[in-house]
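K.L.:
One structure coming up, written as structure tokens, with questions to follow.
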Amino acid sequence: MIQTFTQLDLIRFIYNETTTEQNRDIELALLCNNELMEEYKSLKSTVATLSEVSYTPSNSTLENILNYSKSTNLHTAH
Amino acid sequence: MNNIELSDSKLVSLYIKGNEESFEVLLNRYKSKVFTNIYLIVKDTYIAEDLTQDTFIKAIKTLRSGRYNEEGKFKPWVLRIAHNLAIDHFRRKKRYPTIVMEDGSNVFNTLEFSEAPYENFQVQEDTKKKLRSFIEELPENQREVILMRHYQEMSFQDIAESTDVSINTALGRMRYALINLRKKMKQHKIAYDSNIYPT
């Protein structure tokens, strides 16, 4: 089988940026190539781990914002 | 409030009429994007916290004053406020450089990155902190592509255009970033299945 995609296409595949046709080719190649499958699994699990890491402001910052909002609400009696 | 069904413009409209909950939904919807956007520019978590607060307070002031005229486009509007505040800070910082430690970190930036909500999740939180520190240790162009793809939900094409490189360069940076993170995780024995999701 001739591999028609690159390692960079594998990255696009992991991030769902490949076409349906490319997906079919890559899925087939993964089934036929153990080394490629191992790389895919490794990259995919790292991506999944990254989704557990959040870059969000702290709760105190969010509370400050919401408190400011409430303090400026003219529709609410204070 | 069901934040899946309500559009940004509907939430903005409700907020202007006095519904506080609608702003909370908008805040939760965009807090991460705003924070990451600022962080990418200022590269300091605590300054990013302050500027995130300033961004939303500026948004509140504009919405309350009736000067908001971008109905339906809340996201680009609030991200533009964030971007402008971050750039202003960056320019000011150039005039007044901050004191840095020997390792290059900001002298004041020694506190925790984010607050752990419950003690029961401490193990997971420790793992997440390590992962965040691994991301911080990546070369800047690799860290940038991770932040843009994962936390700003930009496509690789958008990242390529935004960073003025080819899409293959952006993809290559992501590949090396993932490989480097994997190596660091192995070195520190962080396993996706056993630590992130302890049984």
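K.L.:
Under a cut-off of 23 Å between alpha-carbon atoms, report the lysines in cross-link reach of B:K189, not counting same-chain residues fewer than 8 places apart.
P.N.:
B:K189 reaches A:K41, A:K44, B:K128, B:K129, B:K130.
K.L.:
I would also like to ask the following. For region B:119-194, what is the largest minus smallest coordinate of the Cα atoms on each principal axis, given in angstrom and ordered from greatest to least?
P.N.:
42, 23, 20
K.L.:
Rounded to the nearest 0.05, what FRET efficiency do A:N16 and B:S133 have when you use their Cβ-Cβ distance and R0 = 25 Å? Intermediate values should be presented prior to the final figure.
P.N.:
Numbers: r = 28 Å, r/R0 = 1.11.
So the FRET efficiency works out to roughly 0.35.
K.L.:
Here is a further query. Can you find, among B:S32, B:F90, B:A59, the residue farthest towards the positive end of the dipole of region B:8-95? Put +1 on the C-beta of Lys and Arg, -1 on that of Asp and Glu.
P.N.:
B:F90
K.L.:
Round to the nearest 10 and give me the degree value, 0 to 90, for the angle of helix A:20-32's Cα axis relative to the longest principal axis of chain A.
P.N.:
Tilt of helix A:20-32: around 60 degrees.
K.L.:
So, with +1 on the Cβ of K and R and -1 on the Cβ of D and E, and no other charges, what is the size of the charge dipole of chain A about its Cα centre, to the nearest 20 debye?
P.N.:
420
K.L.:
Restricting to DSSP loop positions (anything but H, G, I, E, B) with no more than 14 other Cβ atoms inside 10 Å of their own Cβ, which GluC sites (Glu not before Pro) remain in region A:21-53?
P.N.:
Here the GluC sites (Glu not before Pro) that fit, given the DSSP loop and packing criteria, are A:E52.
K.L.:
As I understand it, the value is the acute angle between the Cα axis of helix A:59-71 and the longest principal axis of the Cα atoms of chain A; what does it come to in degrees, rounded to 10?
P.N.:
40
Taken together, the values in this text are just the output of simple stated rules run on the coordinates, not laboratory data. Keep in mind that what you see is a predicted model, and the values were worked out from it rather than measured. Cβ atoms come from the backbone with ideal geometry, glycine included; neighbour counts cover every protein chain shown.
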